[in-house]
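Q: Sending over a structure as structure tokens; questions will come in a sec.
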Amino acid sequence: MVSNANQRTIEELLALDIHTNKLQFKILITCKATIEMIDVSIGWWYKACPHCKSST
């Protein structure tokens, strides 16, 4: 289970200056999102290995 103690907004993550102290930013980021719509009017694709067909 993931702790919610260090939740940050996208704005807060974008404001981080990762170049100031690179050692400080060796962290794991988990992003939870909801897909609200899929636009199928122009088709879709995903990268996959041409030999084994697994995603890359």
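Q: Spot the failing condition for residue 42; the list is (1) within 20 Å of the chain's Cα centre (by Cα); (2) of a type in the set (A, V, I, L, M); (3) modelled with pLDDT of 70 or more, and only one is missed.
A: If we test residue 42 against (1) within 20 Å of the chain's Cα centre (by Cα); (2) of a type in the set (A, V, I, L, M); (3) modelled with pLDDT of 70 or more, just (1) comes out false.
Q: A further question follows. Under 8 Å between Cβ atoms, which residue pairs at least 6 apart in sequence (or on different chains) link something in the stretch 1-18 that is at pLDDT 75 or above with a partner that is aromatic (Phe, Trp, Tyr)?
A: Hits for this filter: 16/25.
Q: Filter the stretch 22-39 down to the residues that are of a type in the set (A, V, I, L, M) and modelled with pLDDT under 80, then identify the one that is nearest to residue 7 (Cα to Cα).
A: 29
The values are calculated or read from the model by the stated rules, or taken from the named source; none is laboratory data. None of these values were measured; they are calculated from a predicted model. For neighbour counting, all protein chains shown are included, and Cβ atoms are generated from backbone atoms with ideal geometry for every residue, glycine included.
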